[in-house]
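Take a look at the structure set out below.
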Amino acid sequence: MKQLSFCIVIMLSLSLVLGNGCDIAVNPLLFNGSPLTAEFVIDEQQTSYQGTDQIRLGNLLSSISETVDSIKVFNITLRIEPMTGTPENLTVSGSIDVDNQEMVGMSNLPISLYENEQSIFDFGLAQYLTGNPALVPHLNSLLAQPVLQTITVNVTGQASDTPVRLRIFVTLYTQVYTS
Amino acid sequence: MKGYHSFRNYLRYYTVILLFLTLIIPSKSQNVLEDTIEQLSSDAVTGYIQPMVDSFGANINSGFPGSARIHRLGLTVRLQFIGMATLIGDAEKTYMATAPLPFSQQPVETATIFGDQGASVSHPAGIEYQFQNGQINTRYMPFVVPQLTVGDVFGTQLTLRYFPGSLVTERIEDFPEISLFGVGVRHSLSQYLPLFPVDLAVGGFYQTFSIGDFFDSEATAFFARVSKSFLLVTVYGGLQYETTDVTLSYTYTGPLPPGDQSDRNISLALQGENQFRATAGAGIGLGVLHLNADISVGKVIVASVGIGFGI
């Protein structure tokens with residue numbers, strides 16, 4: 001028993017010496033919010049089209065259990081998926097609005113450029129898209145509210161040809177700062 | 001039977017003590033680590049936790065018996081408790097990372113798990129992105145292992161490291177199972193060189209260490225030792241080649257692009273970057289009590305101290 005006590009003292013001493021000054025979880029963790037997607041199915045025999053969908057901002061916290069300090073948008077993406085029958089060289093002009101704020105204006109945008117998901121902030125496509133500098137601050141202000149709202153996303157526009165058979169996806173990416 | 005129960009009791013008490021350092025800190029770190037990296041894609045997580053892998057590898061490959069003095073035939077039975085600590089310097093606190101699109105793809109310096117706050121990058125469109133914050137503030141990364149050395153037969157000693165994970169889970173609910181197993185041999189070269197002024201030995205060591213389903217590792221080391229004894233004091237040094245392979249298994253809970261059906265179960269293989277080291281140290285024998293300390297220099301700097309009992 002004396003030997004056992006001695007061993008315990010030795011181990012405890014080693015542990016205390018080596019463990020001193022080691023602080024864990026010193027900074028708040030950052031999480032990526034769940035992506036929020038508005039989806040529009042356009043199926044028109046005329047050139048004009050429009051669609052409406054809603055995004056529940058609260059869903060971005062679906063996989064986060066920590067206390068949230070703030071939430072910020074870091075990307076918004078657009079994807080346009082043509083369905084069977086859509087002319088290959090179709091272009092669209094119009095706008096996408098988020099919570100009554102224009103997100104992007106589109107001018108003769110070839111839909112092929114957005115067959116893969118791409119950021120609306122990609123300045124390489126600036127000739128086709130015009131952004132709204134007030135959009136991100138507006139969205140961040142919505143995300144700062146104690147109760148996250150449901151917002152409406154609208155797409156309206158004119159296509160260069162018919163039929164217009166498209167799936168349009170607008171996705172919001174956020175970072176969640178915990179405390 | 002009484003001896004068996006006493007040994008079992010010893011192991012039980014030893015479990016509690018070992019918990020503080022080898023189990024509590026890595027396991028607390030494991031919870032923080034899991035929460036952190038579950039949000040990171042496998043590309044992003046590597047740079048962030050590489051210093052932790054390096055320090056773990058350097059630690060577990062430290063503390064092997066230092067003296068090269070092994071009798072051709074003799075009796076050595078020594079139980080040691082080895083404490084190691086890898087220094088965490090500025091180089092271990094930052095790494096170069098690339099922000100996701102549409103941000104600039106120019107790498108930026110940001111915090112590792114040992115660093116401070118993650119770097120922030122801005123985009124002309126008014127959006128910002130921040131890399132993950134560091135989570136562990138420490139000047140060194142510690143580790144403790146038990147070690148039993150027996151010999152000497154044909155100038156060879158056998159060293160064992162062992163901790164059965166079930167001893168913890170049987171007693172503490174929801175505690176991850178932590179297990180350690182290591183075996184190594186050292187062989188005297190001096191026995192073939194009777195008039196050589198110093199003792200020479202070579203050896204190798206193999207270890208496995210795991211925490212629950214999250215962390216699995218294998219470590220190997222091959223070393224050459226030289227030592228010289230002066231009455232109670234032995235000074236020793238050596239060179240070592242080592243490898244550490246770590247596998248992290250976790251479920252990625254971060255976002256995927258819409259429609260992306262990629263497997264969220266990630267098995268990330270990492271390697272410790274410490275491959276070569278030079279070691280210098282000294283030990284003192286006071287009857288059945290043996291104390292030693294050494295320092296190793298490689299990609300990282302590791303110090304170890306040992307307290308041993310036996311002959």
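Quick note: the coordinates plus some simple rules give every number you see, no bench work behind them. This one's a predicted model, so the numbers in the text were calculated from it and none came from an experiment. Note that each Cβ is placed from the backbone with ideal geometry, even for glycine, and that neighbours are counted across all protein chains shown.
Quick one: B:GLY83 ticks every box in (1) under 28 Å from the mean Cα position of the chain (by Cα); (2) in a loop (DSSP other than H, G, I, E, B); (3) facing chain A (nearest Cβ under 7 Å) except a single one, so which number is it?
Only one criterion in (1) under 28 Å from the mean Cα position of the chain (by Cα); (2) in a loop (DSSP other than H, G, I, E, B); (3) facing chain A (nearest Cβ under 7 Å) is unmet by B:GLY83, namely (2).
Checking the conditions here, which among A:PRO146, A:PRO133 is free of Cβ contacts under 8 Å to residues at least 12 places away in the same chain, surrounded by fewer than 16 Cβ atoms within 10 Å (Cβ to Cβ) and within 14 Å of another protein chain (Cβ to nearest Cβ)?
None of the others qualify; the one that does is A:PRO133.
I'd like the residue in region A:150-176 that is over 15 Å from the mean Cα position of the chain (by Cα) and surrounded by fewer than 17 Cβ atoms within 10 Å (Cβ to Cβ) and, out of all such residues, is nearest to A:THR52 (Cα to Cα).
Ranking the candidates gives A:THR156 first.
When you scan region B:257-311, how many residues do you find that are in a strand (DSSP E or B) and of a type outside the set (Ser, Thr, Tyr)?
Count: 33.
Could you check, for region B:231-239, whether at least one of its residues is closer than 16 Å to B:GLY57 by Cβ and surrounded by 18 or more Cβ atoms within 10 Å (Cβ to Cβ)?
no
Which is touching a Phe, Trp or Tyr at 6+ places or on another chain (Cβ under 8 Å) and within 14 Å of another protein chain (Cβ to nearest Cβ), of A:VAL104, A:VAL73?
The match here is A:VAL73.
Condition check: within 14 Å of another protein chain (Cβ to nearest Cβ), out of contact with any Asp or Glu (no Cβ under 9 Å at 6 or more places or on another chain) and at negative phi. Does A:PRO110 satisfy that?
Against the criterion (within 14 Å of another protein chain (Cβ to nearest Cβ), out of contact with any Asp or Glu (no Cβ under 9 Å at 6 or more places or on another chain) and at negative phi), A:PRO110 does not qualify.
Just a yes or no: is a residue in region A:102-122 within 17 Å of A:ASP53 (Cα to Cα), free of Cβ contacts under 8 Å to residues at least 60 places away in the same chain and in contact with a strand residue (DSSP E or B) (Cβ under 9 Å, 6 or more places away or on another chain)?
So far as region A:102-122 goes, yes, one or more of its residues are within 17 Å of A:ASP53 (Cα to Cα), free of Cβ contacts under 8 Å to residues at least 60 places away in the same chain and in contact with a strand residue (DSSP E or B) (Cβ under 9 Å, 6 or more places away or on another chain).
May I ask you to list the residues in region A:120-149 that are part of a strand (DSSP E or B) and either in contact with a helix residue (DSSP H, G or I) (Cβ under 7 Å, 6 or more places away or on another chain) or hydrophobic (A, V, I, L, M, F, W, C) (or both)?
Selection gives A:LEU129 alone.
Condition first: away from chain A (no Cβ under 14 Å) and either closer than 20 Å to B:VAL145 by Cα or among the charged types (D, E, K, R) (or both). Now tell me which residues in region B:298-311 satisfy that.
Answer for region B:298-311, where residues must be away from chain A (no Cβ under 14 Å) and either closer than 20 Å to B:VAL145 by Cα or among the charged types (D, E, K, R) (or both): B:LYS299, B:VAL300, B:ILE301, B:ILE311.
Search region A:165-179 for residues that are facing chain B (nearest Cβ under 10 Å) and among the aromatic types (Phe, Trp, Tyr) and pair each with any residue that is outside any strand (DSSP E or B) and crowded, with 22+ Cβ neighbours inside 10 Å when their beta-carbon atoms are under 8 Å apart and the residues are at least 6 apart or on different chains.
Close Cβ pairs (under 8 Å, with a partner that is outside any strand (DSSP E or B) and crowded, with 22+ Cβ neighbours inside 10 Å) amount to A:TYR173/A:GLY33.
Those residues that are more than 21 Å from B:ILE127 (Cα to Cα) and crowded, with 16+ Cβ neighbours inside 10 Å, I need them from region A:50-80; list them, please.
Those that are more than 21 Å from B:ILE127 (Cα to Cα) and crowded, with 16+ Cβ neighbours inside 10 Å: A:GLY51, A:ASP53, A:SER63, A:ILE64, A:ILE80.
What pairs can you find where one residue is in region B:71-97 and of a type in the set (Ser, Thr, Tyr), the other is assigned to a helix (DSSP H, G or I), and their Cβ atoms are less than 6 Å apart, with a gap of 6+ or different chains?
Matching pairs, first to second residue: B:THR86/B:SER55; B:THR86/B:ALA58; B:THR86/B:ASN59; B:TYR95/B:GLY47.
Being in contact (Cβ under 8 Å) with a residue 40 or more places away in the chain and under 19 Å from A:ILE120 (Cβ atoms): is that true of A:GLY85 here?
no
Looking only at region B:129-155, count every residue that is at the interface with chain A (Cβ under 7 Å from one of its Cβ atoms) and surrounded by fewer than 17 Cβ atoms within 10 Å (Cβ to Cβ) and tell me the total.
Residues meeting the conditions: 1.
Go through region A:81-116 residue by residue and tally those that are surrounded by 16 or more Cβ atoms within 10 Å (Cβ to Cβ), over 23 Å from A:PRO163 (Cβ atoms) and of a type in the set (Asp, Glu).
Looking only at that region, the number is 2.
Kindly indicate whether any position in region B:105-112 is surrounded by fewer than 20 Cβ atoms within 10 Å (Cβ to Cβ), within 30 Å of B:GLY285 (Cα to Cα) and among the β-branched types (Val, Ile, Thr).
no
Please tell me if A:VAL92 is farther than 30 Å from B:GLN130 by Cβ, in contact with a Lys or Arg (Cβ under 7 Å, 6 or more places away or on another chain), aliphatic (A, V, I, L, M) and assigned to a strand (DSSP E or B).
Here the answer is no, as A:VAL92 does not meet what is asked.
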